1. Is the stretch 116-126 home to any residue that is of a type in the set (A, V, I, L, M) and either touching a helix residue (DSSP H, G or I) at 6+ places or on another chain (Cβ under 6 Å) or modelled with pLDDT under 95 (or both)?
2. Output the residue which, of all residues in the stretch 106-150 that are assigned to a helix (DSSP H, G or I), of a type in the set (A, V, I, L, M) and more than 15 Å from the chain's Cα centre (by Cα), is surrounded by the most Cβ atoms within 10 Å (Cβ to Cβ).
3. Could you give me the residue pairs with C-beta distances under 9 Å whose first residue belongs to the stretch 74-93 and is without any contact (Cβ under 8 Å) to a residue 12 or more places away in the chain, whose second residue is assigned to a loop (DSSP other than H, G, I, E, B) and of a type in the set (Ser, Thr, Tyr) wherever it lies, and which are 6+ apart or on separate chains?
4. Every residue in the stretch 219-253 that is of a type in the set (Phe, Trp, Tyr) and surrounded by 22 or more Cβ atoms within 10 Å (Cβ to Cβ), please.
5. Restricting to the stretch 209-235, and then to whatever is within 18 Å of the chain's Cα centre (by Cα) and of a type in the set (S, T, N, Q), can you tell me which residue is farthest from ALA141 (Cα to Cα)?
6. Exactly one condition in (1) surrounded by fewer than 18 Cβ atoms within 10 Å (Cβ to Cβ); (2) of a type outside the set (D, E, K, R); (3) at pLDDT below 95 is not met by LEU256; state its number.
7. Tell me, which helices (runs of 4 or more DSSP H) wholly within the stretch 191-241 include 3 or more residues that are over 22 Å from MET69 (Cβ atoms) and aromatic (Phe, Trp, Tyr)?
8. Given the conditions (1) at pLDDT below 95; (2) closer than 30 Å to ASP278 by Cα, and given that PRO244 satisfies all but one, which numbered condition is not satisfied?
Amino acid sequence: MFPTFLPPTAQQLTEATSIDLAQKIQQRAIATSLSANPILTTYVHQGEDLQREDTPPVLMLHGFDSSVMEYRRLLPRLAQHYETWAVDLLGFGLTQRPVDVSFSAADIKQHLYATWKELIQQPVILVGASMGGAAAMDFAATYPDWVKALILLDSAGAGKGPNMGRFLIPPMGYLAAEFLRNPNVRKGISKSAYSNKSLATADAACCAALHLASSDWSRAMIAFTRSGGYNVLTWQQIETIQAPTLILWGTQDQILGTAVASQIEQHISSSKLIWIDDCGHVPHLEKPERVTQHIRSFLSQSL
């Protein structure tokens with residue numbers, strides 16, 4: 001059975017990994033200084049029996065307009081070897097969107113820290129995909145003592161990208177958000193994320209749209225983009241990252257391209273870049289076995 005807070009569209013999931021992960025989603029009220037009331041935060045926790053003092057838990061952060069469902073193929077593989085968490089970031093997924101929060105990158109980091117403190121309370125191996133990579137770099141730069149290793153999957157947030165948020169002003173903000181809600185638009189984005197277009201299935205579309213039924217989805221999307229998103233993250237901040245870092249990047253990434261991968265490697269002194277052949281923007285979905293192998297090898301050498 002699915003948790004009661006999941007929308008009815010969860011019944012449309014067909015892939016075994018999608019169904020299994022959706023059934024394991026939990027929710028916890030996390031107290032923060034951002035809102036007068038605790039924020040109901042959704043997460044997945046697996047591999048609890050693998051807790052070891054010599055190996056930190058893995059904490060996974062999803063991409064833009066996404067959720068923990070993005071890790072449906074990678075998380076169970078990692079959870080065979082490590083205690084593993086995935087969290088819906090503030091303003092995204094099925095995590096609550098309070099009316100008194102601005103959903104800026106600073107707010108996301110503060111909520112993530114509060115979530116980490118409530119649920120984990122120990123150093124982590126931080127994994128971030130696309131926008132989640134930006135959130136991971138921001139967290140690692142701010143809280144270096146709590147990040148033992150950093151893993152970036154086709155990461156956004158490096159340098160100053162285009163700030164589309166300046167166009168998302170009422171009523172254009174609402175119209176832009178509704179455009180992004182359109183199933184055909186989302187299908188096109190999904191296809192562009194993969195090198196193997198056949199992976200943009202109906203199940204993938206359902207996973208990517210579960211959170212659209214969440215209250216205030218449009219308002220949070222507009223607020224995040226108008227805040228500048230992760231355009232606030234600078235190369236100078238990225239250069240302060242101390243944790244050993246693995247950068248995994250699809251050779252066919254049509255979302256961010258490939259040039260920025262080498263730039264990130266150059267700006268993080270203790271980093272290693274590995275290219276994932278025949279892969280687009282989402283190696284954790286397109287090549288999860290290969291990504292798992294690279295992560296395990298990297299951690300065995302770095303920790």
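The values are calculated or read from the model by the stated rules, or taken from the named source; none is laboratory data. Source: prediction; values computed, not measured. Here the Cβ is made from the backbone with ideal geometry for all residues, glycine too, and neighbour counts use every protein chain on show.
1. Yes: the stretch 116-126 contains one or more residues that are of a type in the set (A, V, I, L, M) and either touching a helix residue (DSSP H, G or I) at 6+ places or on another chain (Cβ under 6 Å) or modelled with pLDDT under 95 (or both).
2. Residue satisfying both the conditions and the ranking: ALA141.
3. No pair meets every condition.
4. Matches in the stretch 219-253: PHE224, TYR230, TRP249.
5. Ranking the qualifying residues of the stretch 209-235, first place goes to SER214.
6. (1)
7. Correct list: empty, since no element meets the threshold.
8. (1)
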